[in-house]
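Written below as structure tokens is the structure these notes are about.
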Amino acid sequence: MDRIYLDHAATTPLLPEVREAMLPWLSDGFGNPSSLHSEGRRARAAVDQSREILSELLGCLFGEIVFTSCGTEAANLGVIGGALSARDQFGGYEVILAAAEHHCVLHTQPFLERLGFKVLIAPVDREAKVDMNWLDDHIRPRTALVSVMHANNELGTLNPIDEIGKMCRREKMFFHIDAVQTFPDTWRVDDFEADLLTISAHKFYGPKGVGLLYARSGVKPTPLIVGGGQEREVRAGTENVAGIVGAGAAAQIVAGWGDWRSQVAECRDAFESELGDEFVASVKHSERLAGHSHVRYPGVDAETALIRLDREGISASSGAACSSGSLEPSHVLAACGYTEEESKEGLRFTFGKTNTVEQAKHAGKIVRETLAEISSRRKVH
Ligand SMILES: Cc1ncc(COP(=O)(O)O)c(C=O)c1O
């Protein structure tokens, strides 16, 4: 059997139609969208068409979109630029980040502190969902900005961001949502009362290197990249025309797939039904994304398992970050209260549009056998 790719939360394959849509903008359509001549105007029209598509799918205005170089940059701009702007407008000086956020949000903490903000980290439960009572107690007039992700990229669990949006409305502050794992879907920015919201094209079958920050009109994050006046004077730099075209094309195609996620969930469930009782499911009580399966096999560390699975033709991941050739325990699982040992065991399998139920069952069987074998060898030694 061919390799089975089960790491769609890390990145998704570029759709052939998206690649086709991008190609002209890497050849004849080379114009700079800020130029006044024909080449420039063509490029501007292409960027604007993509902006139109994405604004419709987000349920926002054309002018509320800021293209960036990736989801990380969009989230940095949303959180740091949003906090600076909130402080200027309302005087708030505290920033609340949830403990299980992606590093592109959490690692703004030292930067914000150097800028004079006080950063509070909101605790999360065993399934990475933010503690709503804690938030209720800590959202107050001195809060500048709150950032909570829609779906957690490791566990796939969802935060009640509509309720958090309402809480944030109690005072003047900005609410930023990292929605990288959930776009495009049927939700619209107003469902959450979002002021700022981040997405990334390579998570929805588009190209890498394109992100987008929705910034509600009237909300103008302080620019972190300065220069020309591109992107509402919020993010300078010549736009990545081909990438932006690809982002719009991908979003439109994926939104047109309708209820594709139920097929993805079917694959995920078929996979899980093949895993034996030795596996511990990390999400037991919450709703989760259709493609996410996060499990542990007690006693087997993720690094060894992933290397073996890769050799068996299965691409999966742990939430852990790789540094100097070895895996650091996942900060998400640590925030959820896992021990260091447990968090080194976390394995994430994320299904996507091209997986089949047959593949998923086959993968489940290989995962079960491979981990059982690693475990039995451990016991003998
Ligand atoms: C939840 C979440 N936020 C942000 C990002 C960062 O996006 P990008 O890879 O485009 O920088 C990712 C990517 O892993 C993610 O999963």
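The set of residues in the stretch 339-381 being at pLDDT 95 or above, over 22 Å from the mean Cα position of the chain (by Cα) and hydroxyl-bearing (Ser, Thr, Tyr) consists of Thr339, Thr356, Thr370, Ser375. Please work out if Glu272 is under 24 Å from the mean Cα position of the chain (by Cα) and touching a residue at least 24 places away in the same chain (Cβ under 8 Å). Yes; evaluated as a whole, the condition is true for this residue. Does Val189 fit the bill of being touching a helix residue (DSSP H, G or I) at 6+ places or on another chain (Cβ under 6 Å), more than 15 Å from the ligand (Cβ to nearest atom) and more than 15 Å from Asn159 (Cβ to Cβ)? So Val189 fits the description; yes. Contact map, the stretch 205-230: first residue closer than 19 Å to Ile53 by Cα and away from the ligand (no atom under 16 Å from the Cβ), second residue among the basic types (Lys, Arg) and assigned to a loop (DSSP other than H, G, I, E, B), Cβ cut-off under 6 Å, separation 6 or more or different chains; the map is empty. Taken over the stretch 79-121, the criterion of being under 18 Å from the mean Cα position of the chain (by Cα) and under 20 Å from Ala215 (Cβ atoms) is satisfied by Val79, Ile80, Leu97, Glu101, His102, Cys104, Val105, Thr108. Of the residues making up the stretch 346-371, just one is under 17 Å from Asp2 (Cβ atoms) and either without any contact (Cβ under 8 Å) to a residue 24 or more places away in the chain or not assigned by TED's automatic domain parsing to the domain that holds Arg296 (or both), namely Glu358. Screening Asp277 on (1) acidic (Asp, Glu); (2) loosely packed, with under 14 Cβ neighbours inside 10 Å; (3) part of a helix (DSSP H, G or I) shows it passes everything except condition (3).
Evaluate the stretch 240-257: report whether one residue or more is at pLDDT 95 or above, within 16 Å of the ligand (Cβ to nearest atom), under 29 Å from Leu112 (Cα atoms) and not aliphatic (A, V, I, L, M). Within the stretch 240-257 (the criterion being at pLDDT 95 or above, within 16 Å of the ligand (Cβ to nearest atom), under 29 Å from Leu112 (Cα atoms) and not aliphatic (A, V, I, L, M)), the answer is yes, since at least one residue qualifies. Inspect the stretch 33-41 for any residue being more than 16 Å from the ligand (Cβ to nearest atom), without any contact (Cβ under 8 Å) to a residue 40 or more places away in the chain and of a type in the set (Lys, Arg) and give the result as yes or no. For the stretch 33-41, residues more than 16 Å from the ligand (Cβ to nearest atom), without any contact (Cβ under 8 Å) to a residue 40 or more places away in the chain and of a type in the set (Lys, Arg): present. Being among the polar types (S, T, N, Q), without any contact (Cβ under 8 Å) to a residue 24 or more places away in the chain and either crowded, with 18+ Cβ neighbours inside 10 Å or within 16 Å of the ligand (Cβ to nearest atom) (or both) narrows it down to one residue among Ser55, Ser27; which is it? Result: Ser55 is the single residue among Ser55, Ser27 that is among the polar types (S, T, N, Q), without any contact (Cβ under 8 Å) to a residue 24 or more places away in the chain and either crowded, with 18+ Cβ neighbours inside 10 Å or within 16 Å of the ligand (Cβ to nearest atom) (or both). Here Ile199 clears all of (1) more than 30 Å from Arg87 (Cβ to Cβ); (2) within 15 Å of the chain's Cα centre (by Cα) except the condition numbered (1).
Restricted to the stretch 145-180, and to residues there that are within 15 Å of the ligand (Cβ to nearest atom) and either hydroxyl-bearing (Ser, Thr, Tyr) or without any contact (Cβ under 8 Å) to a residue 60 or more places away in the chain (or both), the residue that is farthest from Ser50 (Cα to Cα) is Thr157.
Using the structure shown, decide if Phe183 is in contact with a Lys or Arg (Cβ under 9 Å, 6 or more places away or on another chain) and more than 11 Å from the ligand (Cβ to nearest atom).
On the way: in contact with a Lys or Arg (Cβ under 9 Å, 6 or more places away or on another chain): yes; more than 11 Å from the ligand (Cβ to nearest atom): no.
The answer is no for Phe183.
Taking residues in the stretch 91-107 that are within 13 Å of the ligand (Cβ to nearest atom), and partners anywhere that are part of a loop (DSSP other than H, G, I, E, B), the pairs with Cβ atoms closer than 7 Å and at least 6 places apart or on different chains are Ala100/Ala128; Ala100/Asn152; Ala100/Cys336; His102/Asn153. Contact annotation: residue pairs with Cβ atoms under 7 Å, 6 or more positions apart or on different chains, pairing a residue in the stretch 61-78 that is more than 17 Å from Asn240 (Cα to Cα) and assigned by TED's automatic domain parsing to the domain that holds Val219 with a partner that is within 11 Å of the ligand (Cβ to nearest atom) and among the charged types (D, E, K, R), are Ala75/Asp178.
The values are calculated or read from the model by the stated rules, or taken from the named source; none is laboratory data. Please read all numbers here as calculations on a predicted model, not as lab measurements. All Cβ positions, even for glycine, are placed from backbone atoms using ideal geometry, and neighbour counts span all protein chains on display.
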